[in-house]
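A quick write-up on the structure given underneath.
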Amino acid sequence: MLGDKKVVFSGVQPSGNLTIGNYLGAIKNFGAFSEEYKCFYCVVDLHAITVRQVPADLRRRTYETLALYIACGLDPEKNTLFVQSHVPAHAELSWLLNCYTMFGELSRMTQFKDKSAKHADNINAGLFTYPVLMAADILLYQTDLVPVGVDQKQHLELARDIAGRFNQAYSPTFVVPEGYIAPTGMKIMSLANPESKMSKSDVNQNAVVYILDPKDAILKKFKSAVTDSDTAVRYAPAEKPGVSNLMTIYRCFTGKDYDAIEKEFEGRGYGDFKLACGEACADALAPVQSEYARLMADKAYLEEVMKKGAEEANYCARKTLSKVKKKIGFVI
Ligand code: ATP
Ligand code: LTN
């Protein structure tokens, strides 16, 4: 709780161009909490360097991610929008929590296993302790609710375990956070390989629809999406993963349910359906794109937002951090 409000925290890495997976699974849902909760939305640049980043790209993407937060409807007056590295308490608490996290726990994280397979030449310690930094992000703000895509569920469970363990060892210090997995977005899969997550770091550009893709690129990507040799638009994730994924995307952008979608495309081929998906996606993203362009032309404004956000975040984070240090027994 902060004042009389419960707290929401979430983060997105500035590690690539944001996808409709990031949008539907995460950012689009963030705005709904702004009235009822005290919300912190962070650009997690410390997390991004667990894989190698080109410095100029990282810097640009940090602005871009912040601009997208705002363009997707997060009003900086109603939400605290900030950059993780502007609040030193994140790195500091992360070290402390490392000492309350077990090697075995981190070894079980599926994201670590996936990413170390993908970046076999750079399996650094940061990649391994990534979830501890994420726990620090969340716990610093006494967060009640964490909206994330389903892929982050395991990390969230770990954050809860770490909080519980620390509270048990000393006395109640951290709120044990709950996850909020968006009922609509869930997990958006790659258009080229519907068995794997749509991910902004995918090398296959056709597999991923970016929030900032122009309409013709969006239509083209949906047109080339992998489906199956059947012709029916029917929701059956195990049997028809490609079509089901497209149906989820279509559902998210139009608000229609699976039954209605099946009826709408009964007797029509995949071609029509894919075109409708592309149109719905492009139409929904158009206002986000124009607002984004306006914001990116005003760096000074974005810097003002970052600065104000960092001040607010620093204030809350320091409070928790000093509480933690006292409990551990540091001289402060
Ligand atoms: P990377 O490819 O660099 O690992 P990512 O695309 O997974 O990145 P993150 O910045 O790690 O993106 O995630 C930001 C948020 O978007 C998280 O809440 C995550 O759960 C959500 N998210 C990412 N990809 C998807 C997806 N395909 N479907 C639903 N939600 C997603
Ligand atoms: N690991 C998250 C990004 C993230 C995050 C957080 C999400 C970092 N810190 C705190 C929620 C709360 C991801 O989406 N890959």
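The values are calculated or read from the model by the stated rules, or taken from the named source; none is laboratory data. Note that the structure is predicted; figures quoted are calculated from it, not measured. Virtual Cβ from ideal backbone geometry, glycine too; neighbours counted across all protein chains shown. What goes into the accessible areas is simple: the full protein's heavy atoms, side chains included, and nothing from ligands, DNA or RNA. Shrake-Rupley method; radii C 1.70, N 1.55, O 1.52, S 1.80 Å.
Sort out for me the Cα centre separation of region 1-78 from region 108-123, rounded to whole Å.
23 Å
Dipole of region 88-142, Cα-centred, from +1 at each Lys and Arg C-beta and -1 at each Asp and Glu C-beta, to the nearest 20 debye?
The dipole magnitude comes to about 180 debye.
What longest range of the chain stays clear of loop-exposed GluC sites (Glu not before Pro) (DSSP non-H/G/I/E/B, at most 15 other C-beta within 10 angstrom)?
The segment 78-194 is the longest one with no such site.
In whole percent, how big is the carbon plus sulfur part of the accessible area of region 94-175, probe 1.4 Å, protein atoms only?
About 58 percent, which is the carbon plus sulfur part of the accessible surface.
Hey, can you grab everything whose amide H is under 5 Å from the amide H of LYS197? Only 5+ residues off in sequence or another chain; H modelled, so Pro and N-termini drop out.
Under 5 Å from the amide H of LYS197 lie the amide H atoms of SER190, each far enough along the sequence or on another chain.
Could you state the accessible area per residue of region 53-151 in Å², with a 1.4 Å probe and every protein chain left in place?
Solvent-accessible surface per residue comes out at 40 Å².
For CYS39, CYS72, give the ranking by accessible area with the largest first, probe 1.4 Å.
Ranking CYS39, CYS72 by accessible area, largest first, yields CYS72, CYS39.
Keeping every protein chain in place, order ASP216, ASP4 by accessible area at 1.4 Å, biggest value first, i.e. largest first.
Result of the area sort, largest leading: ASP4, ASP216.
Skip the ligands, DNA and RNA, and give the accessible area per residue of region 189-272 with a 1.4 Å probe, whole Å².
About 50 Å² of surface per residue is accessible.
Springs between alpha-carbon pairs under 10 angstrom, Gaussian network model over the chain: which of ASN122, ASN98, ASN193 fluctuates most?
Between ASN122, ASN98, ASN193, it is ASN122 that shows the largest mean-square fluctuation.
Can you give me the span-like helices of the chain, meaning DSSP H runs with 20 Å or more of Cα extent along the axis and Kyte-Doolittle mean at or above 0.0?
Membrane-span-like by this criterion, though nothing is claimed about a membrane: 125-140, 270-296.
Test of understanding: what is the full-extension gain from LYS325 to ARG108, defined as 0.36 nm times their sequence separation minus their Cα-Cα distance?
75.3 nm
Quick one: of LYS28/LYS118; LYS197/LYS240; LYS78/LYS187; LYS118/LYS187; LYS115/LYS299, which pairs are farther than 23 Å apart, Cα to Cα?
Violating the 23 Å Cα-Cα cut-off are LYS28/LYS118; LYS78/LYS187; LYS115/LYS299.
Quote to one decimal, in nm, the extra length available between HIS119 and LYS5 on full extension: 0.36 nm per residue of separation minus the C-alpha distance between them.
Between HIS119 and LYS5, full extension yields 36.9 nm more.
How big is the accessible area of TYR170 in square angstrom, nearest 10, if you roll a 1.4 angstrom probe over the protein chains?
Accessible area, nearest 10 Å²: 80 Å².
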